[in-house]
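First the structure, in the form of C-alpha cells, and then the observations on it.
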Amino acid sequence: MELPQNVQHQLAQFQQVQQQAQAISMQKQSVDLQLKETEKALEELKKVEEDTDVYKTAGTLLIKVKKDEMTKELEDKVETLQLREKTVQRQEERIMKRLQEMQVSIQEAMKGTGLQ
C-alpha cells in the first residue's frame, strides 16, 4: 500500500528539518570547541609575565603583539563566541521542538491511513 501524497510530503519535510538539525548541531560543536580553545588561550596568557613576548598567528606568520592587546582580543572573542553559542542553542531548541511536532503530526496522519 502506497503512502498518501500528504504523508509523503510530510516525511520529506521531516527529513529536511532533520538535516537542518544536524547542521545546527555541527555548528554548535564548532562554536563550543572554538570557545573552549579561546578560553584556554586566555587562561594561559593571564599566567605569563607582563613583559613576556606574545605572538599571534596571521595566516602562516607569527606576529609579536603586546600582552594586553592580545588579552583584550581574546576576551572580545570569548564574548562573541558566548553570544553565538546562545544563538545556536536557541536554534537547536526550536528545531528539535519542530521535529517533535512534525513527528506527532506524521504519526497522526499514518494512523488516519491505517498504516501504523
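The values are calculated or read from the model by the stated rules, or taken from the named source; none is laboratory data. Bear in mind the structure is a predicted one, so any value in this text is a computation, not a measurement. Because the Cβ atoms are built from the backbone with ideal geometry, glycine has one as well, and the counts that use them run over all protein chains shown.
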Open item on the list: Out of 36, 67, I need the residue that is more than 30 Å from residue 99 (Cβ to Cβ), free of Cβ contacts under 8 Å to residues at least 40 places away in the same chain and either of a type in the set (D, E, K, R) or touching an Asp or Glu at 6+ places or on another chain (Cβ under 7 Å) (or both). Which one?
Closed with: 67
TODO: Mind counting the residues in the stretch 1-60 that are touching a Lys or Arg at 6+ places or on another chain (Cβ under 6 Å) and within 17 Å of residue 79 (Cβ to Cβ)?
DONE: 2
TODO: Among residues belonging to the stretch 57-94 that are in a helix (DSSP H, G or I) and of a type in the set (Lys, Arg), point out the one that is farthest from residue 11 (Cα to Cα).
DONE: 67
Open item on the list: So if I check each of 106, 95, which one is among the hydrophobic types (A, V, I, L, M, F, W, C), out of contact with any strand residue (DSSP E or B) (no Cβ under 9 Å at 6 or more places or on another chain) and modelled with pLDDT under 95?
Closed with: 106
TODO: Report whether or not residue 45 is over 30 Å from residue 18 (Cα atoms), in a helix (DSSP H, G or I), modelled with pLDDT of 95 or more and touching a Ser or Thr at 6+ places or on another chain (Cβ under 9 Å).
DONE: yes
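Which of the residues that make up the stretch 95-115 are touching a residue at least 60 places away in the same chain (Cβ under 8 Å), part of a helix (DSSP H, G or I) and not polar (S, T, N, Q)?
The answer is 95, 96, 98, 99, 102, 106, 109, 110.
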TODO: Can you work out which of the residues in the stretch 4-41 that are surrounded by 15 or more Cβ atoms within 10 Å (Cβ to Cβ) and touching a Ser or Thr at 6+ places or on another chain (Cβ under 7 Å) is modelled with the lowest pLDDT?
DONE: 7
